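K.L.:
Right, I'll just put the structure down here and ask away after.
The values are calculated or read from the model by the stated rules, or taken from the named source; none is laboratory data. Keep in mind it's a predicted model, so treat the numbers as computed, not measured. Cβ coordinates were reconstructed from backbone atoms using ideal geometry, including for glycine residues, and neighbour counts include every protein chain displayed. Just so you know, the surface numbers come from the protein's heavy atoms only, side chains and all, with ligands and any DNA or RNA stripped out. Shrake-Rupley method; radii C 1.70, N 1.55, O 1.52, S 1.80 Å.
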Amino acid sequence: MNSNGYEQDRHEQIDAMDFACRFFKARGGVVEDQGLTRDILLPEAAAQTLGVDDFFRVGPEEIVEQGRLKVHAVQLNTPFLDRMLTLAGESAPFARAELKFDYIKTQGFDRLIADRFQFHKSKVRVMKTGEARTRYLVLTCRYTAQSDEIKQGLVEICVNLDTGVVIPDMARGLAHVQKEFSVKKARGLNEKEIEAIRTVVSRYGQNLVEDRLASFVDSMNRRFQRDTASLDAYYQALETEMRQNLSRTGLSQDLVREREEKIAMIPAELAAKKKDLLNKYGIGIDFKPAAALYLTSACVTVFARLISGRSHTDFTLTYNPVTKDMDPVACQSCGAGTYGLGLCSSLHINCPSCLAGAVSVGPGS
């Protein structure tokens, strides 16, 4: 085996063992490092689901092959690891982590805000800044686009749980940020937070998968247009043939009337067939959660004032050290995250769409 292959196997083995230990701890187990092996003590119920004794050892396959008692192989493609992966996949995994940063920006926010945001008939003034903490949720969803065919995939949606807005590109930046995971049993979201996430997925989900489904949508549209053209040609030929038959001599009045009635029904029948095609090639998209990562993070809260003429209102913005950018601000009318801000007549901070629609619904109204 070449050195590259050995290193790859070694990394896979370490990753599998790391997963196994986190799996045991998440189910209330105790893990003790014994060098190449780990001693595991599991609660009775957790041990029964795995089909093992309460106390056992896990290790690489070569240790098991040496005949050591009660050592279960934890390595890719081994039955024991496969059982753990199956159990782990029965419900959407929920993990918690604290983000760690060596440095967080402390100044220059006025320039950053001016460059990032667009202000409609208004201007912004930074009043002060302060260190703070905020919460994010990275939700991995499995999407299913259902039409005459099915297209499936995964998409990540990152939401600031304190503002309810989607944070673009944050999930991509998380790969380079140090994380300290909690090994305690993670508490899930409360009902209010779950409902907020449902709203976010409903509002932004289709936009997030638009590019991934572009070729799928084009394919369904082409097939719809092809079948629609075939229907038009068929019913046009049918009507032409039926009208030609009417010109035949010797037809009774009843037969003529019957055929004319059938010709008159062609447009309705064609419309019904086209509706069936539209239902066949129409695309419905469903989202189901596959995993969730709950993050707590240091941030900078920027206290600002939005000024429009003689009117003004105070609001806060969040500097995100992961994206090294400002998070979008939640529109106080529709709740959507926006980088375009303006004051409505009721002095609420609104997005461009709500400003254009003259909407003025304040928080809690």
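K.L.:
Quick one: if the Förster radius is 25 Å, what FRET efficiency do ALA88 and THR296 give, using the C-beta to C-beta distance and rounding to 0.05?
P.N.:
Efficiency for this residue pair is about 0.60.
K.L.:
Oh, and also: What is the ratio of the Cα radius of gyration of segment 73-172 to 2.2 N^0.38 Å, where N is its residue count, to two decimals? Write out the running numbers ahead of the final one.
P.N.:
On the way: Rg = 21.1 Å, N = 100, 2.2 N^0.38 = 12.7 Å.
Ratio of Rg to 2.2 N^0.38 Å for segment 73-172: 1.67.
K.L.:
Continuing with the same structure: Using a probe of 1.4 angstrom, how much of the accessible area of the chain is carbon and sulfur, in percent?
P.N.:
Within the chain, the accessible surface is 49 percent carbon and sulfur.
K.L.:
Counting Lys and Arg as +1 and Asp and Glu as -1, what is the net charge of the other residues whose Cβ lies under 9 Å from the Cβ of LEU306?
P.N.:
That works out to +2.
K.L.:
While we're on this one: Could I have the simple spin-label model distance between ALA268 and ASP211, label points 7 Å from Cα toward Cβ, reported in nm to one decimal?
P.N.:
About 4.9 nm, to one decimal.
K.L.:
Run the numbers for GLN48 and ALA233: contour at 0.36 nm per residue of separation, minus the present Cα-Cα distance, in nm.
P.N.:
Numbers: separation 185, 0.36 × 185 = 66.60 nm, distance 6.55 nm.
The span from GLN48 to ALA233 would gain 60.1 nm if fully extended.
K.L.:
Roughly how far apart, in whole Å, are the Cα centres of segment 264-307 and segment 162-182?
P.N.:
Measuring centre to centre over Cα atoms gives 24 Å.
K.L.:
Taking +1 at the Cβ of each Lys and Arg and -1 at the Cβ of each Asp and Glu, which of GLY282, THR199, GLN244 sits farthest along the dipole of the chain towards its positive end, judged by Cα position relative to the Cα centre?
P.N.:
THR199
K.L.:
Now for a separate question. Treat every Asp and Glu Cβ in segment 253-323 as -1 and every Lys and Arg Cβ as +1, leave all other atoms uncharged, and give the resulting dipole magnitude about the Cα centre to the nearest 20 debye.
P.N.:
With Lys and Arg at +1 and Asp and Glu at -1, about 260 debye.
K.L.:
In segment 98-130, which residues have a backbone nitrogen under 20 Å from the label point lying 7 Å from HIS312's Cα in the Cα-to-Cβ direction?
P.N.:
Under 20 Å, as judged by backbone N against the label point of HIS312, lie 108-115, 117-130 of segment 98-130.
K.L.:
Under a point spin-label approximation (7 Å from Cα along Cα-to-Cβ), what is the PHE19-MET127 distance to one decimal in nm?
P.N.:
5.0 nm
K.L.:
For the chain, what is the accessible area per residue in Å², given a 1.4 Å probe and the full set of protein chains?
P.N.:
Working: 22230 Å² over 365 residues.
Averaged over the residues of the chain, the accessible area is 61 Å².
K.L.:
Report the label-to-label distance for SER182 and ASP102 in nanometres (one decimal), using points 7 Å from each Cα along the Cα→Cβ vector.
P.N.:
Those two pseudo-labels are separated by 2.8 nm.
K.L.:
Calculate the dipole size of the chain relative to its Cα centre from +1 charges on Lys and Arg beta carbons and -1 charges on Asp and Glu beta carbons; express the result in debye to the nearest 20.
P.N.:
The dipole magnitude comes to about 1440 debye.
K.L.:
Identify which of the listed values of Cα extents along the principal axes in Å was calculated from the structure shown: (1) 72, 44, 42; (2) 102, 76, 43; (3) 67, 47, 42.
P.N.:
Of the labelled values, this structure produces (2).
K.L.:
Separate question: Which whole-number percent is the relative contact order of segment 189-297 (Cα, under 8 Å, 6+ apart)?
P.N.:
Computed value for segment 189-297: 42 percent relative contact order.
K.L.:
Hey, with R₀ at 25 Å, roughly what FRET efficiency would SER247 and ARG222 work out to, going by the Cβ-Cβ distance, to 0.05?
P.N.:
So, using R0 = 25 Å, E works out to roughly 0.05.
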